[in-house]
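Visitor: Here it is, the structure in full.
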Amino acid sequence: MKWPLHRTAALAAVLLLGAIVSFSLPVSAVGAGSPGVRPGERFPNGYFEYAAQPGTVIQGSLIITNLGDGPGRFLIYAGDGLTSPYTGVVYANRDKPLVDGPLGNGEYGAGAWISVPSTPVVLAPQQQTTVKFTVTVPKDSAPGDHVGAISAENPEPTLDSNGQFTLGVTQRTVQAVVVHIPNPIDTTGVHVGKPHVSTENHKRQLLNIPLEYRADVLAKPFMTFTVTDPQKKPVVHFDGQFDTFVPHSSIVYVYPLDNVLLPPANYCFDGDFGIKDHEQHFHYCFDVTASEANVPLPGQRGPHVAPATAFGPSVVIAVGGVFMVAFLLFLLLLRRKRCDHCNRRKFGHLIDVHDAGDIRGCAGCTAQYRKLKKLTLCRSCYRLHLRDVPAEPPPTPQAVQAPASS
Amino acid sequence: MAVMVAIAATGSTAVGVFAGTLSVTVPASTTLPSTAISAGTLTAGVNAANWAETAGTNVGWKGTLAVQQFHIIGTNAWTPGASAVLANNNSGQYIGATQAAFYTVNVTAASAGATTTVAISWSGDEVGSGTATKNTPFVMGVRGMTIDFLSGQAYVVTDVYTARVGNLATSALSVAQATTVITLVSGAGGTNLPTATGGTSTVTSGSPSTYSTTPVKFVTAANTKGVGTFSVTPGVTLTWDPNNTWALPYTASAQYTIASGP
């Protein structure tokens with residue numbers, strides 16, 4: 001049986017798309033537990049939030065549900081909330097749960113105030129349990145906001161080690177615990193240190209800006225800064241509101257210079273940093289050395305997306321599939337034939353005219369047929385020509401021999 | 001024992017709301033697309049997972065990424081070649097900073113089968129010598145490497161063992177916000193969808209066995225958004241030194257965190 005080409009192309013496209021999908025699907029964790037967490041009580045912002053005096057002991061509860069499709073063994077631990085180098089509150093890992101504060105020893109974080117059971121929670125899929133915890137606010141704790149957190153973590157990574165670079169993943173769910181101790185003293189204190197430039201992976205420069213947020217309360221400060229070159233020309237500019245800072249946190253704000261290269265020279269930094277209407281101005285000049293400028297120009301930092309030919313089987317198949325489908329479509333288009341009357345290309349069989357009488361109603365086709373001794377029409381034109389053919393002249397009556405009279 | 005004063009927070013009373021349950025489920029392991037070592041960098045979506053706030057109260061959430069250092073695992077690190085067999089070919093996990101470290105261990109004195117020790121020297125990423133006890137992993141240097149000679153096995157001075165190990169730089173991974181893909185699994189789409197963030201922030205790794213000290217935010221759902229379940233595939237850029245990387249599998253574990261907080 002002859003299989004029409006256009007059907008073959010359609011089947012090939014379906015099979016190839018199926019192959020693309022199947023090869024592109026990542027390896028999923030089968031039978032993994034996933035900790036779903038929510039506070040056991042109501043709070044204005046969802047997470048645990050307490051207004052408390054020094055010396056207070058607070059009790060709370062956390063509801064943990066295994067939302068995975070397998071049994072889960074979850075580690076429960078308390079940790080500090082801290083300010084990310086990119087700003088915003090993030091939560092310390094169990095490797096080093098108490099890191100907040102200028103000295104990195106947790107003196108301002110609330111993580112150390114939180115007591116949770118140290119025994120891992122083991123749950124079947126969809127099983128739920130309530131974990132009680134205590135927040136003990138030290139008697140000498142300072143006024144202001146203190147951020148801690150309770151984490152539930154599945155420490156077992158999904159891992160598929162079948163390639164040059166493989167990334168497994170573990171899951172953690174965190175509920176912040178914020179304690180507001182009344183009467184904060186400093187609500188605006190900030191400081192900006194002298195910036196410097198560093199390189200990363202020999203690929204790009206980073207502008208590192210030491211920031212101190214000295215206030216006692218959580219806030220989202222504003223920052224505007226401009227870096228000018230020796231000719232006073234602005235080369236880097238930023239203007240925006242940062243994400244939340246934890247009180248008394250110091251970070252080195254990292255600003256990637258993805259679109260500019262600062263050559264070796266002396267640059268000046270002018271910035272305003274602080275909460276709204278309390279921004280403070282800071283001015284520094286700093287050098288960029290030759291080694292700090294030893295990165296390619298922005299347009300020459302290599303492919304951020306590997307070329308298709310270097311990709312693995314899934315992408316090769318995907319790209320190959322697209323080309324194959326395009327090629328088959330091209331073949332289909334080539335197989336179209338042109339109708340000699342309407343001059344349009346049509347799929348399927350066209351009709352070869354063998355009888356000039358079929359087209360005698362069309363002067364153009366008749367002339368072409370006489371000239372080329374062949375003519376090809378699409379079905380619709382052929383039908384039209386047949387319909388328009390003038391009626392055959394009535395047959396000449398034949399003489400009927402009269403019967404011989406008897 | 002006297003019970004200490006327990007004061008419920010002002011926030012835990014009438015004005016409060018029950019928060020939704022936050023979770024990250026169905027995380028996938030990812031082998032990054034095969035790329036020539038000479039390329040030195042690669043951007044791809046990795047480790048799709050379902051991020052959810054169910055039965056939510058529209059208080060928002062954020063998702064962060066922390067990562068361990070990409071490393072060649074110590075399992076089967078040693079290659080005996082034609083030399084006498086080891087108890088096993090495993091090493092302790094290399095914790096040095098070299099992305100493509102090489103070690104050579106030479107037996108420096110013959111050791112009969114009945115002898116319980118083997119005298120060795122080593123060179124490459126670290127240099128030293130010592131006496132290993134058979135069937136006990138012998139620690140070479142200070143970068144985690146060990147070698148385990150077999151009890152009852154004889155060794156001669158021509159026995160040589162090599163290992164190729166290494167760790168990518170702690171700055172190897174960065175967020176590629178433009179490559180992050182977020183799609184709706186259940187709930188409402190449109191403006192309810194969480195949004196990708198993080199720009200090209202570096203996710204500074206911890207050691208081969210510990211996560212970043214400060215996770216990096218790469219997805220966020222503001223107040224009134226992010227209620228439902230969403231498939232999030234974070235975009236990342238991995239960078240390595242083409243002249244200092246073995247063509248061997250480097251692996252790492254990432255940690256996804258979904259958090260409710262300020």
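Every number here is computed from the coordinates shown, using simple stated rules; none is lab data. This structure is a prediction, so every number in the text was calculated from the model and none was measured. Quick reminder, even Gly has a Cβ in these numbers, built from the backbone with ideal geometry, and neighbours come from all protein chains shown.
Visitor: Dividing the convex hull volume of the alpha carbon atoms of segment A:190-300 by its residue count, what do you get in Å³ per residue?
Guide: Hull volume over Cα atoms, normalised by residue count, gives 97 Å³.
Visitor: Can you flag which of A:139/A:276; A:337/A:371; A:233/A:276; A:139/A:194 are past 30 Å Cα-Cα?
Guide: From the list (A:139/A:276; A:337/A:371; A:233/A:276; A:139/A:194), the Cα-Cα distance tops 30 Å for A:139/A:276; A:139/A:194.
Visitor: Next question, about the same structure. Once amide H atoms are placed 1.01 Å from N in the peptide plane, what residues at a sequence separation of 5 or more from residue A:48, or on another chain, have their amide H within under 5 Å of its amide H?
Guide: Here the answer is A:176, A:178, since their amide H atoms fall under 5 Å of that of residue A:48.
Visitor: Could I ask something else about it? Put a dot 7 Å past each Cα toward the Cβ at residue B:109 and residue B:87; how far apart are the dots in nm?
Guide: In this crude spin-label approximation the distance works out to 2.0 nm.
Visitor: Express in whole angstrom the spacing between the alpha-carbon centres of segment A:144-158 and segment B:162-187.
Guide: 21
Visitor: Explain nothing, just the number: relative contact order of segment B:78-165, from Cα pairs under 8 Å at least 6 residues apart, as a whole percent.
Guide: 43
Visitor: What net charge is computed for the residues neighbouring residue A:226, neighbours being all others with C-beta under 15 Å from the C-beta of residue A:226, Lys and Arg scored +1, Asp and Glu -1? Kindly include the intermediate steps, with their values, before the conclusion.
Guide: Numbers: positive: A:232, A:233; negative: A:229, A:239, A:270, A:272, A:279.
Every neighbour counted, the sum reads -3.
Visitor: Turning to a different aspect of this structure: Residue by residue through segment B:256-262, which ³J(HN,Hα) values in whole Hz follow from phi under the Karplus form 6.51 cos²θ - 1.76 cosθ + 1.60 (θ = phi - 60°), with glycine and proline marked x?
Guide: 8, 10, 10, 9, 10, x, x
Visitor: Now for a separate question. Quick one: if you stick a label point 7 Å off each Cα along the C-beta vector at residue B:224 and residue B:154, how many nm between them?
Guide: Going from the residue B:224 label point to the residue B:154 one covers 8.4 nm.
Visitor: Mind running the shape call on segment A:262-303? Use the C-alpha gyration tensor, a ≥ b ≥ c as the square roots of the eigenvalues: rounded below 1.5 for a/c, prolate if a/b tops b/c, oblate otherwise.
Guide: It comes out oblate by the Cα gyration axes.
Visitor: Give me the percent relative contact order of segment A:190-300, please, defined on Cα pairs under 8 angstrom at least 6 residues apart.
Guide: Relative contact order for segment A:190-300 comes out at 33 percent.
Visitor: Tell me, what ³J(HN,Hα) does each residue in segment A:142-148 have, in order and in whole Hz, if you take phi through Karplus 6.51 cos²θ - 1.76 cosθ + 1.60 with θ = phi - 60° and put x for Gly and Pro?
Guide: 7, x, x, 9, 10, 10, x
Visitor: Oh, and also: Report ³J(HN,Hα) in whole Hz for each residue of segment B:93-109, in order, from the Karplus equation J = 6.51 cos²θ - 1.76 cosθ + 1.60 where θ = phi - 60°; Gly and Pro get x.
Guide: Computed from phi, the couplings for segment B:93-109 are 5, 5, 10, x, 9, 6, 6, 10, 8, 10, 10, 10, 10, 10, 6, 9, 8 Hz.
Visitor: If you don't mind, another one. Give me log10 I(q)/I(0) at q = 0.10, 0.14 Å⁻¹ for chain B, Debye formula, one equal scatterer per alpha-carbon, no solvent.
Guide: Results for chain B at q = 0.10, 0.14 Å⁻¹ read -0.66, -0.92.
Visitor: Shifting gears a bit: Going by the alpha-carbon gyration tensor, a ≥ b ≥ c the square roots of its eigenvalues, is segment A:77-234 rounded (a/c under 1.5) or, if a/c is not under 1.5, prolate (a/b greater than b/c) versus oblate?
Guide: Oblate.
Visitor: So, one more: How much length would be gained if the chain were fully extended between residue A:354 and residue A:132, taking 0.36 nm per residue of separation minus their Cα-Cα distance, in nm to one decimal?
Guide: Result: 70.5 nm gained on full extension.
Visitor: Still on this structure, I have one more. Could you give the length gained on full extension between residue A:42 and residue A:259, defined as 0.36 nm per residue of separation minus the Cα-Cα distance, in nm?
Guide: Separation in residues times 0.36 nm, less the Cα-Cα distance, equals 73.5 nm.
Visitor: Mind checking which of B:39, B:196, B:48 has the largest fluctuation in a GNM of chain B, springs on alpha carbons under 10 Å?
Guide: B:39
Visitor: Report, by chain and number, residues whose modeled amide H sits under 5 Å from the one on residue A:246, excluding near sequence neighbours (fewer than 5 apart, same chain).
Guide: Here the answer is A:83, since their amide H atoms fall under 5 Å of that of residue A:246.
Visitor: Pairs B:62/B:225; B:62/B:217; A:132/B:225: which exceed 18 Å Cα-Cα?
Guide: A:132/B:225
Visitor: Here's another thing I want to ask about it. In whole Å and largest first, what semi-axes does the C-alpha gyration tensor of segment B:133-202 yield when each eigenvalue is scaled by 5 and square-rooted?
Guide: Output for segment B:133-202: semi-axes of 53, 16, 10 Å.
Visitor: Quick one: Debye curve from the alpha-carbon atoms of segment B:181-232 only, equal weights, vacuum; give me log10 I(q)/I(0) at q = 0.12, 0.13, 0.17, 0.24 Å⁻¹ to two decimals.
Guide: -0.37, -0.42, -0.62, -0.86
Visitor: Using only the alpha-carbon atoms of segment B:78-165 as identical scatterers, what base-10 log of I(q)/I(0) does the Debye formula give at q = 0.14, 0.20 Å⁻¹?
Guide: Debye curve over Cα of segment B:78-165, log10 I(q)/I(0) at q = 0.14, 0.20 Å⁻¹: -0.41, -0.84.
Visitor: Between residue A:235 and residue A:280, what FRET efficiency comes out of the Förster formula 1/(1 + (r/R0)^6) with R0 = 25 Å and r the beta carbon distance, rounded to 0.05?
Guide: Working from the Cβ atoms, E equals 0.60.
Visitor: A further question on this structure: Can you sort A:49, A:156 from fewest to most other Cβ atoms within 10 Å of each residue's own Cβ?
Guide: Listing A:49, A:156 from fewest to most nearby Cβ atoms yields A:156, A:49.
Visitor: Could you tell me which of rounded, prolate or oblate describes segment A:30-104, using a ≥ b ≥ c as the square roots of the eigenvalues of the alpha-carbon gyration tensor, with rounded for a/c under 1.5 and, failing that, prolate when a/b is larger than b/c and oblate otherwise?
Guide: It comes out oblate by the Cα gyration axes.
Visitor: Scan around residue B:111 for amide H atoms under 5 Å from its own, H built in the peptide plane at 1.01 Å from N, and keep only partners 5 or more places away or cross-chain.
Guide: B:155, B:156
Visitor: In nm, to one decimal, how far is the modelled label at residue A:199 from the one at residue A:139, with both set 7 Å along Cα→Cβ?
Guide: 5.7
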